[in-house]
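S.K.: First the structure, which I've put down as structure tokens, then a few questions once you've had a look.
The values are calculated or read from the model by the stated rules, or taken from the named source; none is laboratory data. Predicted, not measured: the structure shown is a model, and the values here were computed from it. Don't worry about glycine lacking a Cβ; one is built from the backbone with ideal geometry, like all the others, and counts go over all protein chains shown.
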Amino acid sequence: MKIIAFAGSNSKNSINKKLATHVAHLFENATVEVLDLNDFALPVFGVDLEAEMGPPQLAKDFLDKLASADIIVMSLAENNGSYSTAFKNIFDWSSRQYKDVFQQKPMLLMATSPGGRGGASVLELANGNLPRFGANIKAIFSLPSFNENFDVAQGKISNPELAHQIQELVRNFSWS
């Protein structure tokens, strides 16, 4: 089983990337590839630019990575209640090449933030929007108050209750 994991963030110290990486490695007998959105950086999408430059190879490369997955583990950063610009941009460029960006791959959708809501607004937005673009969302997880609930040095959730919750979610994840 191959898992593609990534954060909807281009921060070099992304807390969402830390969460996605940790959770992806909880799946047993899986090969994990963690993507970095910085490797898919493109100019801000616009139809005029698209007409001028054509479909970018980096968007095709992103789609190919998603196509190689059996499961997608994605943790979205929340910027002002919505997607980060970095995620929205690669999503926009990719959807112009292939509308079903997430290709019906089983997805574990997550978010975390320093605040107590744990990215609740972006999760709500994504849960309502991404299925129209081929996201087969099987489970959703929010990690509130990242700095209090995640041990960065150990690279794992430190809150026992939340750690148990994600372990159970992964154990019972239906990817068929």
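S.K.: Exactly one condition in (1) farther than 21 Å from residue 147 by Cα; (2) touching a Ser or Thr at 6+ places or on another chain (Cβ under 8 Å) is not met by residue 28; state its number.
M.R.: It fails just one condition, (2).
S.K.: When you scan segment 79-100, do you find a residue that is out of contact with any Pro (no Cβ under 9 Å at 6 or more places or on another chain), crowded, with 20+ Cβ neighbours inside 10 Å, free of Cβ contacts under 8 Å to residues at least 60 places away in the same chain and not hydrophobic (A, V, I, L, M, F, W, C), even just one?
M.R.: The answer is yes, given that some residue of segment 79-100 is out of contact with any Pro (no Cβ under 9 Å at 6 or more places or on another chain), crowded, with 20+ Cβ neighbours inside 10 Å, free of Cβ contacts under 8 Å to residues at least 60 places away in the same chain and not hydrophobic (A, V, I, L, M, F, W, C).
S.K.: Something else: Is it true that some residue in segment 46-59 is closer than 24 Å to residue 143 by Cβ and buried (at least 20 other Cβ atoms within 10 Å of the Cβ)?
M.R.: Within segment 46-59 (the criterion being closer than 24 Å to residue 143 by Cβ and buried (at least 20 other Cβ atoms within 10 Å of the Cβ)), the answer is no, since none of the residues qualifies.
S.K.: Still on this model: Just a yes or no: is a residue in segment 152-160 in a strand (DSSP E or B) and either over 27 Å from residue 100 (Cα atoms) or polar (S, T, N, Q) (or both)?
M.R.: Yes: segment 152-160 contains one or more residues that are in a strand (DSSP E or B) and either over 27 Å from residue 100 (Cα atoms) or polar (S, T, N, Q) (or both).
S.K.: Separate question: Determine which member of the set 114, 144, 131 is without any contact (Cβ under 8 Å) to a residue 12 or more places away in the chain and either in contact with a helix residue (DSSP H, G or I) (Cβ under 7 Å, 6 or more places away or on another chain) or of a type outside the set (Val, Ile, Thr) (or both).
M.R.: Only one candidate passes the filter, namely 131.
S.K.: Another one. Tell me, which helices (runs of 4 or more DSSP H) lie completely within segment 1-85 with 3 or more residues that are modelled with pLDDT of 95 or more and touching a Leu at 6+ places or on another chain (Cβ under 8 Å)?
M.R.: 15-24, 57-67
S.K.: Does residue 138 satisfy the condition of being of a type outside the set (Asp, Glu), within 14 Å of the chain's Cα centre (by Cα) and part of a strand (DSSP E or B)?
M.R.: yes
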